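The values are calculated or read from the model by the stated rules, or taken from the named source; none is laboratory data. The model shown is predicted, which means the values in this text are computed figures rather than measured ones. So basically every Cβ, Gly included, is an ideal-geometry build from the backbone, and we count neighbours across all protein chains shown.
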Amino acid sequence: MSVTVDDYSWWLTWRPAWAEAHCVTLVGDITADGVVDALHADPVTHVHGVDALYDHAVADWPGGYDPSRAVIGVATLDDGWTLIAEVNGYVGVTERLVGPLSSGRTVVSHFRNVNAVHTFHWWHGGRLLVDADLMFPAERTGTDPDAIVEHLRGVGLPLDADPEEIAAVDLSAAGFALAQRITGVACTPVVFEDSEFFVATVDVLDG
């Protein structure tokens, strides 16, 4: 698949408030209901489109913000994939939660916070194959950290570049492009705008 960072050049300006702090996860061979059950999440409501999800997630901020509970929006997509969208959340890159979820399937997550940390995780069959901060693509860990090398180069993230060159790359776009190369799922504006999201909350501090 030839997708590159250029295919996601729309992301930073499309919903800039969400782009600043987000986590997007693709989970194979499961439905939205199955994800909510697997994460032992508490159901809240159903909403149409990511704008409604965003409004729900931030409705009680700052006074009602509870750092121990994460709001997730889960949508069943085509071809057996399910999307988890988070506003300023990190369920998708929390190993305690995603490790069990990945048993028997593939899970790919990418995360950015307000400090411009760009975490990318690729799970399969209960194993974290790749754990990377995309700002430092040469410094990967996991059980098979080289599995992503050709994808990194393919999306436009050179492994031998200096920090200034890497900083010039849209690393959020790189996360989306890498996820698409691995899963075959394109996260387009239409997908985010037209999906029905099962909203739930997850205990992120337990254990």
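Filter region 153-188 for residues that are at positive phi and in contact with a strand residue (DSSP E or B) (Cβ under 9 Å, 6 or more places away or on another chain) and give the result. If you could, list the steps in order and put the result at the bottom.
Within region 153-188, the subset at positive phi is 156, 184.
If the condition is that a residue be at positive phi and in contact with a strand residue (DSSP E or B) (Cβ under 9 Å, 6 or more places away or on another chain), then Gly184 is the only one that fits.
In region 116-131, which residues are at pLDDT 95 or above and closer than 19 Å to Trp11 by Cβ? Full working, then the answer.
So the first thing to find is which residues in region 116-131 are at pLDDT 95 or above, and the list is 117-131.
Selection gives Val117, His118, Thr119, Phe120, His121.
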Legend entry - Criterion: more than 30 Å from Val71 (Cα to Cα), in contact (Cβ under 8 Å) with a residue 40 or more places away in the chain and of a type in the set (A, V, I, L, M) - qualifying residue of Leu157, Leu171, Leu205: Leu157
Legend entry - Test for Leu152: is it buried (at least 20 other Cβ atoms within 10 Å of the Cβ), of a type outside the set (Gly, Ala, Ser) and touching a residue at least 24 places away in the same chain (Cβ under 8 Å): yes
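Out of Thr143, Thr106, which single residue is touching a Lys or Arg at 6+ places or on another chain (Cβ under 6 Å) and among the β-branched types (Val, Ile, Thr)? Don't jump to the end; show me each part of the working.
On the way: Thr106 fails: touching a Lys or Arg at 6+ places or on another chain (Cβ under 6 Å).
None of the other options fit; the residue is Thr143.
Would you call Leu26 in contact with a helix residue (DSSP H, G or I) (Cβ under 8 Å, 6 or more places away or on another chain), at negative phi and crowded, with 22+ Cβ neighbours inside 10 Å? Lay out the reasoning, then the answer.
On the way: in contact with a helix residue (DSSP H, G or I) (Cβ under 8 Å, 6 or more places away or on another chain): yes; at negative phi: yes; crowded, with 22+ Cβ neighbours inside 10 Å: yes.
Criteria met by Leu26.
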Inset, instruction - Test Ala132 against the stated conditions and say whether it is of a type in the set (Gly, Ala, Ser) and crowded, with 18+ Cβ neighbours inside 10 Å. - result: yes
